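Peer 1: The structure's right below; bear with me while I get my questions together.
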Amino acid sequence: MTYCVAINVEEGLVMLSDTRTNAGVDNISRFRKMYTWEEPGERAIALMTAGNLSITQGVLSRIQSTMDRYVLGDDIETIMSCDTLYRAAEIVGAAMREMMDGHGESIAQAGASAGASIILTGQRKGGRPRIFLIYSAGNFIEATRDTPFLQIGEHKYGKPILDRMITPETSLEDAIKAAIVSMDSTLQSNLSVGMPLDIAVLPRGAFQFRTRKRIERGDDQFDRISAAWSDALHRSFTSLPEFAA
């Protein structure tokens with residue numbers, strides 16, 4: 001399984017994903033689930049994937065192939081050349097439909113789930129930071145001011161902290177901490193999500209990632225936040241008033 005989260009606040013975007021993929025308790029592997037592209041000063045885009053690995057890898061191959069052809073001079077639209085991030089989501093959605101149409105039925109007949117989802121996020125010059133969640137059918141939704149974050153995979157464990165803490169006015173630094181705590185909560189509660197993690201930070205108007213980093217097990221910054229959050233929860237719990245029952 002997996003867990004990926006993207007947060008959109010006024011100061012920019014935060015993306016965080018794990019790298020664990022498993023097909024049973026004795027078949028656990030690591031696969032990167034975050035992919036980034038940037039043209040400094042023009043646009044920066046990230047994709048995060050969850051679900052059937054063959055489907056999402058096929059989508060990514062199609063996306064990368066169009067960009068390679070564009071660089072070689074083909075007159076072809078790509079997520080790095082299209083006019084809007086909305087159009088980029090349509091391009092990824094079309095690639096998802098192609099993969100599902102070509103392989104979804106045969107995967108299901110083999111007894112496996114072909115379900116997949118992709119988060120697309122980024123900003124282009126002249127546009128605002130945006131986050132889209134693309135489903136298996138190729139349709140998608142966009143994060144709004146009311147819900148300025150989107151998740152895929154094992155999202156339920158990490159959602160409560162985001163619901164309580166994230167608003168459009170949240171600082172970028174606090175959004176990073178919230179994403180880390182959200183992931184830490186998921187790691188604590190679900191063994192199908194695991195280290196290492198990939199994090200990317202895109203300040204608003206920068207059109208270039210400030211951070212693209214892999215967080216390995218034993219990372220000092222991650223461990224300090226995890227320990228401090230655990231201690232804070234314990235202190236808060238013990239200070240709660242008694243409930244007469």
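Peer 1: Using 0.36 nm times the number of residues separating Leu72 and Glu173, minus their current alpha carbon distance, what extension gain do you get?
Peer 2: 32.4 nm
Peer 1: Sticking with this structure for a sec: Between the helical axis of 172-189 and the dominant principal axis of the chain, each derived from Cα atoms, what acute angle in degrees is found, rounded to the nearest 10?
Peer 2: 80 degrees
Peer 1: Towards the positive end of the charge dipole of the chain, with charges on Cβ (+1 Lys, Arg; -1 Asp, Glu), say which of Gly102, Gly218, Ile55 has the farthest Cα.
Peer 2: Ranked along the dipole, the leading option is Gly218.
Peer 1: Continuing with this model, one more query. If the cut-off is a Cα-Cα distance under 29 Å, which lysines reach Lys125, setting aside same-chain residues fewer than 8 apart in sequence?
Peer 2: Lys33, Lys177, Lys213
Peer 1: Still on this model: Between Ser189 and Arg128, how many nm apart are label points set 7 Å from Cα along the C-beta direction?
Peer 2: Here the answer is 3.0 nm between the modelled labels.
Peer 1: Next question. Nearest 500 deg cm²/dmol is fine: what mean residue ellipticity at 222 nm does the chain get from its DSSP H runs of n ≥ 4 alone, each adding -39,500 (n - 2.57), divided by its residue count?
Peer 2: -11000 deg cm²/dmol
Peer 1: From the phi of every residue in segment 61-70, what ³J(HN,Hα) in whole Hz does the Karplus formula 6.51 cos²θ - 1.76 cosθ + 1.60 yield, where θ is phi - 60° and glycine or proline is x?
Peer 2: In residue order, the calculated couplings are 4, 5, 4, 5, 4, 5, 5, 5, 5, 4 Hz.
Peer 1: Pull out a ≥ b ≥ c, the square roots of the eigenvalues of the alpha-carbon gyration tensor of the chain, then state rounded if a/c is under 1.5, prolate if not and a/b is larger than b/c, and oblate in the remaining case.
Peer 2: Oblate.
Peer 1: Rounding to the nearest 20 debye, state how big the charge dipole of segment 1-152 is about its Cα centre with +1 on each Lys and Arg Cβ and -1 on each Asp and Glu Cβ.
Peer 2: Here segment 1-152 has a charge dipole of around 280 debye.
Peer 1: If a paramagnetic tag sat 7 Å from the Cα of His103 along the Cα-Cβ line, which residues of segment 38-77 would have the backbone N under 12 Å from that point?
Peer 2: 52-62
Peer 1: For each of Val92, Val14, count neighbouring Cβ atoms within 10 Å of the residue's Cβ, then give the residues from fewest to most.
Peer 2: The fewest-first ordering by Cβ neighbours comes to Val92, Val14.
Peer 1: Moving on to the next point. Report the label-to-label distance for Ser54 and Thr147 in nanometres (one decimal), using points 7 Å from each Cα along the Cα→Cβ vector.
Peer 2: Going from the Ser54 label point to the Thr147 one covers 3.1 nm.
Peer 1: Nearest 10 degrees, 0 to 90: what angle lies between the long axis of helix 85-99 and the longest principal axis of the chain (Cα atoms)?
Peer 2: It is inclined by approximately 80 degrees.
Peer 1: Is the shape of segment 141-187 rounded, prolate or oblate, going by the alpha carbon gyration tensor and its root eigenvalues a ≥ b ≥ c, with a/c under 1.5 for rounded and a/b larger than b/c for prolate?
Peer 2: oblate
Peer 1: Going by alpha carbons, how many degrees (0 to 90, nearest 10) lie between the helix axis of 220-238 and the longest principal axis of the chain?
Peer 2: 50 degrees
Peer 1: For Leu53, what is the net charge nearby, where nearby means another residue's Cβ is under 13 Å from its Cβ and Lys, Arg count +1, Asp, Glu -1?
Peer 2: For residues surrounding Leu53, the net value is +4.
Peer 1: Sorting check: for 140-150, 46-56, which peptide has the highest mean count of neighbouring beta carbons within 10 Å, and how do the rest follow?
Peer 2: The peptides rank, most packed first, as 46-56, 140-150.
Throughout, read-outs are computed from the coordinates displayed, never taken from laboratory work. Bear in mind the structure is a predicted one, so any value in this text is a computation, not a measurement. Counting neighbours? That spans all protein chains shown, and the Cβs are built from the backbone with ideal geometry, glycine included.
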